[in-house]
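A.B. asks: Have a look at the structure that comes next, please.
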Amino acid sequence: MPDDIAVRVDVAKLRSATEQVFMKCGVPESEAKLGADVLIFADESGIDTHGVSNMLRAYVAGYNANASNPIPEMKIIKETPSTATIDGDGGLGCMIAPKAMEIAIAKAKAVGTGVVAIRNSGHLGAAGYHAMMAVEHDMIGWCMTAGGKSMVPTFGAEPQLGTNPIAFAAPGKNEPPFMFDAAMTSIAGNKIGLANRMGKGMSPGWVANDDGTPDMKGGDTADFAANSVRMQLPLGSTRELGSHKGYGLGVIVDILCGQLSFAPGFGTLSRTRRAHFVAAYSVDAFGDVDEFKANMDGMVSGLAATKPMPGEERVLYAGLPEHETRIERRANGVPLHPEVVDWFRGICAEFEITFDLT
């Protein structure tokens, strides 16, 4: 977000407003706080595609359309000492998935690993949030989510898979945790919306043309954002650049989230399908925790110390930019587009909430 147009909003005020919006939608206070925590994590970390800017208004629309259940009763359908299958009763994934990860963590503490597949649950926000929950317990965390139709398979002419992100997190000792969180499409769908909001065009390799051929020229985000059928390319964009890898990984996410949870719609690739997968591996089950974390520090600090290419100041590793962004935004506020602030002003007026963001 360019500093010359950004409106810096205090994190605590943004969190409070988000909680109140959830509660006005009929969400209990404890659940509203959990949902807000997931969204604020994204905003603090610079994952603007999955923060309040894009997702809160989508969640409100879902509640208003009765597409999301504000008071779900999560149920364990099947369970073993290391696994569970959960039905989310139509609740938002950003409130169901953390509870599923808590179950996975408890199982990992007991037997070393915990794996939970989740069906009948809506959007879960930034997958990295759920993976990072395990890090606080000296565990490795996984989170995946699948659903919708936006990814065009390699050589395909119609979308069949979602963006199907994968998140992975591992703890360090003194260095920031490693946290990878990325869609298996060339670009996260919401980033196209953000680019459109800021008047920027699409880069080559983001989407396919109407006939499925990769668009390697780029174009106007407004035209694409207005299209109800997203034709996003897999990670890699073209077969020659490895799109079959992004496509294959997307299918793996569909299997672990949808097929393993026995979620409806995944056998036929329906547009309305959505399911999740979380897992936790206890480092203690494999070896000494302190040694692992010290070794992680050595690895990631070594990556960060890599000689940079010309024109670049340094080399990063996944999780480091988010860590640094959290420090900066907690001190200076979250930069929001003026249009987002206007939306908050309007929804606060509609819900009779005191507007206190500026």
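A.B. asks: Provide a single number: the residues in the stretch 199-218 that are within 20 Å of Thr49 (Cα to Cα) and either modelled with pLDDT under 70 or of a type in the set (S, T, N, Q) (or both).
C.D. replies: Total satisfying the criteria: 1.
A.B. asks: While we're on this one: If you check Met95 against the conditions, is it assigned to a helix (DSSP H, G or I) and assigned by TED's automatic domain parsing to the domain that holds Trp142?
C.D. replies: Here the answer is yes, as Met95 does meet what is asked.
A.B. asks: Can you tell me which residue in the stretch 178-209 is nearest to Met299 (Cα to Cα), limited to those that are in contact (Cβ under 8 Å) with a residue 24 or more places away in the chain and of a type in the set (D, E, K, R)?
C.D. replies: Among residues in the stretch 178-209 that are in contact (Cβ under 8 Å) with a residue 24 or more places away in the chain and of a type in the set (D, E, K, R), the one nearest to Met299 (Cα to Cα) is Asp181.
A.B. asks: Now, a different point. What number of residues within the stretch 92-113 are in contact with a strand residue (DSSP E or B) (Cβ under 9 Å, 6 or more places away or on another chain), free of Cβ contacts under 8 Å to residues at least 60 places away in the same chain and of a type outside the set (A, V, I, L, M, F, W, C)?
C.D. replies: Selection size over the stretch 92-113: 1.
A.B. asks: Another question, then. Quick test for you: out of Ser270, Ser261, pick the one residue that is modelled with pLDDT of 95 or more, among the small types (Gly, Ala, Ser), in the same structural domain as Gly91 (by TED's automatic domain parsing) and surrounded by 12 or more Cβ atoms within 10 Å (Cβ to Cβ).
C.D. replies: Details: Ser270 fails: modelled with pLDDT of 95 or more.
Just a single option satisfies the conditions, and that option is Ser261.
A.B. asks: Now, a different point. In the stretch 237-253, what residues are touching a residue at least 12 places away in the same chain (Cβ under 8 Å) and assigned to a helix (DSSP H, G or I)?
C.D. replies: Arg239, Leu241, Ser243, His244, Gly246, Tyr247, Leu249, Gly250, Val251, Val253
A.B. asks: Okay, next question. Considering every residue within the stretch 253-260, establish whether at least one is within 30 Å of Thr85 (Cα to Cα) and of a type in the set (D, E, K, R).
C.D. replies: Yes.
The values are calculated or read from the model by the stated rules, or taken from the named source; none is laboratory data. Given the structure is predicted, the values throughout are model-derived calculations rather than measurements. Cβ: placed from backbone, ideal geometry, glycine included. Neighbour counts: every protein chain shown.
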